[in-house]
Amino acid sequence: MDYIRESTDIRIEAPTVISLGKFDGLHMGHKFLVELMLKKKRQEGLKAVMFTFDIPPKAAVGKEPLKVLTTNAEKESVFAGTGIDYLIEYPFTEEVRTMEPEAFVRMLSEKLHVKCIVAGNDFRFGYNRGGDYHLLKELGPRYGFETIIVDKRQYEGRDISSTFIREEIQTAHMEKANLLLGYEFFVQGTVLHGRKLGRKLGIPTVNLIPPVDKLLPPFGVYVSRILIGGTLHGGITNVGRKPTIEGENPIGVETHIFDYCEDLYGKEIQVRFLTWLRPEKKFSSIEELRSEMARNIEEGKQYLKTYSFKSLQP
């Protein structure tokens, strides 16, 4: 997969099938679009392209502060392995923000050699979200592309969407969020030096400081899986400010990896959240904290003995 970003000077000469959207995460609704794209790719020899912007458009126009399921830096690992040929993260410039719907479609057609567009029935595009799927179908014959419009996938009577998943994460319902995502919700980043308190307790931890726009589950302790160099390890993860530790502590993601002792400082890892264990709390002593962590480690190991990831079918 080619990951194209930070440039408006793009051109794909081969004919393409594309899907457009915010793609905050790659949830099961999105994966249905991907399956349709890959079918067209196989049938007609097209290149498959996912087109999104480098920031969510609402954030750019100041409509609302957004916490994202997937940061721009995390998107590559989410989309890799889907079978698409290109992930385009297009700069959301002022020119793009004010582009009329037809001009936006014309730009895509010229730059990406579009032969088919696959989109959901809620897709909106162009200045002030003036274009919808009806306009997209109307413009298709003019610019030489087929339009495939897909109804939203549902779960428990509700459309599967990033908003739905965000709500589940914000209430620590990680199993349901992961079911809707089709993968385990994660935070990815470079391991930083902490205060090394965990090592002094005999329970070493690794620390990530997520970007400010990354959505996090509620402060607390979670059973987790940690991806290190292509291998998954079990662990427990605390999200929060470490209230037992004196001083101002930034919001962080601190993980104890079971039976792992290698130095990870400066290395990139991925911490995946499986289930909630308890809220973050302030303990009366470091010894009480150590005892609680030992209990959480045992709970985590027991959980992982029978854990298997469950997903909806795309």
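The values are calculated or read from the model by the stated rules, or taken from the named source; none is laboratory data. Bear in mind that the values here come from a model prediction, so they are computed numbers and not experimental data. Note that we place each Cβ from the backbone using ideal geometry, even for glycine, and neighbour counts take in every protein chain shown. Side chains included, ligands, DNA and RNA excluded: accessible areas come from the protein's heavy atoms. Shrake-Rupley method; radii C 1.70, N 1.55, O 1.52, S 1.80 Å.
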query: How much accessible area does Leu274 have with a 1.4 Å probe, in Å² rounded to the nearest 10?
result: 0 Å²
query: Cα-based Rg (one decimal) and Dmax (whole number) for the chain, in Å?
result: 21.8, 71
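What ranking of Lys305, Lys137 comes out by heavy-atom accessible area, probe 1.4 Å, highest first?
Most to least solvent-accessible, the answer reads Lys305, Lys137.
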query: Dipole of the chain, Cα-centred, from +1 at each Lys and Arg C-beta and -1 at each Asp and Glu C-beta, to the nearest 20 debye?
result: 500 debye
- prompt: What Kirkwood hydrodynamic radius do you get for the stretch 251-314 when you take the inverse of the mean 1/r over all pairs of distinct Cα atoms, in Å?
  reply: 14.6 Å
Mean Cα-pair separation over length for the chain, i.e. relative contact order, pairs under 8 Å, 6 or more apart, %: 17 percent
Residue-normalised accessible area of the stretch 97-216, given per residue in Å² at a 1.4 Å probe: 48 Å²
- line: Counting only protein heavy atoms with a 1.4 Å probe and every protein chain in place, the carbon and sulfur fraction of the accessible surface of the chain in whole percent equals 49 percent
query: Helix 286-305: angle to the longest alpha-carbon principal axis of the chain, degrees 0 to 90, nearest 10?
result: 50 degrees
field: Heavy atoms of Ile236 accessible to a 1.4 Å probe, total area in Å² rounded to 10
entry: 10 Å²
task: In vacuum, with every alpha carbon of the stretch 40-175 counted as one equal point scatterer, what does the Debye formula give for log10 I(q)/I(0) at q = 0.17, 0.22 Å⁻¹? Two decimals, please.
output: -1.19, -1.65
Highest-MSF residue in the chain out of Thr205, Thr52, Thr171 [GNM, Cα springs under 10 Å]: Thr171
message: Quick check for you: with a 1.4 Å probe and neighbouring chains kept, what is the accessible area per residue of the stretch 1-41, in Å²?
response: 45 Å²
message: Could you tell me which residue out of Phe309, Leu216, Ile297 lies farthest along the dipole of the stretch 208-314 toward its positive end? Charges go on the beta carbon: Lys and Arg +1, Asp and Glu -1, centred on the Cα centre.
response: Phe309
- prompt: So how far apart, in nm, are the two label points at Tyr155 and Thr306 if each is 7 Å from Cα heading toward Cβ?
  reply: 2.2 nm
query: If the cut-off is 12 Å between C-alpha atoms, which aspartates and glutamates fall inside it for Lys152, apart from same-chain ones fewer than 8 positions away?
result: Asp122
message: Can you return the lysines within cross-link range of Lys267? Criterion is Cα-Cα under 25 Å, with same-chain partners fewer than 8 residues away left out.
response: Lys67, Lys75, Lys196, Lys200, Lys214, Lys242, Lys301
Sites Asn128 and Glu287 - FRET efficiency at Förster radius 51 Å, r taken between beta-carbons, to 0.05: 0.30
query: What number, in percent, do you get for the relative contact order of the stretch 1-135 if the mean sequence gap of Cα pairs under 8 Å and at least 6 apart is divided by its residue count?
result: 37 percent
field: Between helix 101-112 and the chain: long-axis angle, C-alpha atoms, 0 to 90°, nearest 10
entry: 80 degrees
